[in-house]
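Some notes on the structure that comes next.
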């Protein structure tokens, strides 16, 4: 999908949410389309993708038909979109997918399967203990996995750097075999689409 | 057969299935009574992990997600508590989250610490079976009360075709008493 198509999809979801047609939380991307398209240039159909509660772009770029993604979002499942046939797993628990991704990578390595795991995480998640365990273990065991740290500077509404009293984060600027990092600014709030919806 | 012998027999049976893999602390390295039940499991099927219970439980789910049947070992309920988020929020919920698309059959092995002849004190003898039953919607929790309970329970945990996981709860005291 193109940058314009990704943005149009999120605008459609935003409109559906703001008119009360989605009776569950949504978390929208914006401003990172080019970076995401770049990441997905190397992701193949047999590869696994693990995401957080903000995962619409990953699903679309992995090849899930947009009608199916929209259907799941409208059904209220935006925060944990799972598409087994496309090898996508998302979770609403902070850091929840990281060790699961590690286990999937170890399984792939042991079975000699030609696939790789890609695990997306926010910059606040990347500061947590489970992230450091998962990344360290993966590096040390040479697992077929890559972590993508997406930095929008916020965790819900909390300023990540201020909360940690740390002007430079652990993986900021890192680009190596196991970790990529990019920064972006989204126009949407953490959840919802900017309009208070009263059900 | 004694309680210990039935456990050892069950582990050997599980290891005959090429999908199983045994993970945890003191799995390949000596360290707990449970280690001794794994003596006949091939070395390459034993994955010694760091002390990182949440990571272990997450890896358990990830392995199950991709076709393995992990036997994930937490020698005490108290240690398994450190992994509860992964257990309740992921392993137990994967099927529901994915509209029954993902099947994640794992075997979780835990125990109630032995109190005789030495009492290991309060952080080693917890039994949270009922609490976990209340928290889980798909995972089955089974206490292994008698030697005769053991093999059928592990056999069912491996062969069940509903994609659900099983927690099997052993009694440390019974290793030497039954």
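If N is the number of residues in chain A, what value comes out of its Cα radius of gyration divided by 2.2 N^0.38 Å?
That works out to 1.00 for chain A.
Per residue of A:90-102, what is the mean number of Cβ atoms on other protein chains within 10 angstrom of that residue's Cβ?
Shielding by partners across A:90-102 averages 6.
Specify the residue with the greatest mean-square fluctuation among A:147, A:120, A:40, computed from a Gaussian network of chain A linking alpha-carbon atoms under 10 Å apart.
Between A:147, A:120, A:40, it is A:40 that shows the largest mean-square fluctuation.
Mind telling me which of A:37, A:93, A:73 comes out most flexible in a GNM of chain A, alpha-carbon contacts under 10 Å?
Comparing A:37, A:93, A:73 in a Gaussian network model of chain A, the most mobile one is A:93.
If I model a spin label at residue B:100 and residue B:44 as a point 7 Å from the Cα along the Cα→Cβ vector, what separation in nanometres do I get?
3.8 nm
Could you tell me whether the range A:70-133 comes out rounded, prolate or oblate from its Cα gyration tensor? Rule is a ≥ b ≥ c as square roots of the eigenvalues, rounded for a/c under 1.5, then prolate if a/b exceeds b/c, otherwise oblate.
oblate
Of the peptides B:138-145, B:63-70, how do they stack up when ordered by the mean number of other Cβ atoms within 10 Å, highest first?
In decreasing order of mean packing, B:138-145, B:63-70 become B:63-70, B:138-145.
Please compute the modelled spin-label separation between residue B:119 and residue B:148, points set 7 Å along Cα→Cβ, answer in nm with one decimal.
Inter-label distance under the simple model: 3.3 nm.
Can you pull the Rg over Rh of the range B:1-92, Cα-only, Kirkwood?
With Rg and the Kirkwood Rh in hand, the quotient comes to 0.96.
How long is the gain from residue B:133 to residue B:36 if the chain were fully straight, where each residue apart is worth 0.36 nm and the alpha carbon distance is subtracted?
This chain segment gains 32.1 nm when fully extended.
Let me see the P(r) profile for the range A:107-176: every Cα-Cα distance counted, bins of 5 Å, each bin given as a percent of all pairs.
Taking all Cα pairs of the range A:107-176, the binned fractions are 3, 15, 25, 22, 14, 10, 6, 4, 1 percent.
Tell me, in nm to one decimal, what length is gained between residue A:163 and residue A:191 on full extension, where the rule is 0.36 nm per residue of separation less the Cα-Cα distance?
Full-extension gain reported as 8.1 nm.
Once the Cβ-Cβ distance between residue B:1 and residue A:44 is put in as r, and R0 is 45 Å, what FRET efficiency do you end up with, to the nearest 0.05?
0.35
Express the Stokes-Einstein translational diffusion coefficient of the protein assembly as shown in µm² s⁻¹, to the nearest whole number, given a Kirkwood radius over alpha-carbon pairs, 20 °C and a viscosity of 1.002 mPa s.
Translational diffusion coefficient: 98 µm²/s.
I'd like to compare A:3-9, B:153-159: which one has the highest average count of other Cβ atoms within 10 Å, and what's the full order after that?
Sorting A:3-9, B:153-159 by mean packing, highest first, produces B:153-159, A:3-9.
Please find the FRET efficiency linking residue A:77 to residue A:142, where r is the Cβ-Cβ separation and R0 is fixed at 30 Å, and quote it to the nearest 0.05.
0.30
Mind giving me the nanometre distance, one decimal, between the label points for residue B:156 and residue A:111, set 7 Å out from Cα along Cα→Cβ?
2.7 nm
All of the numbers you see were taken from the coordinates with simple rules; none came from a lab. What you see is a predicted model; the values in this text were computed from it and never measured. Glycine also receives a Cβ, built like all others from the backbone with ideal geometry; neighbour counts cover every protein chain displayed.
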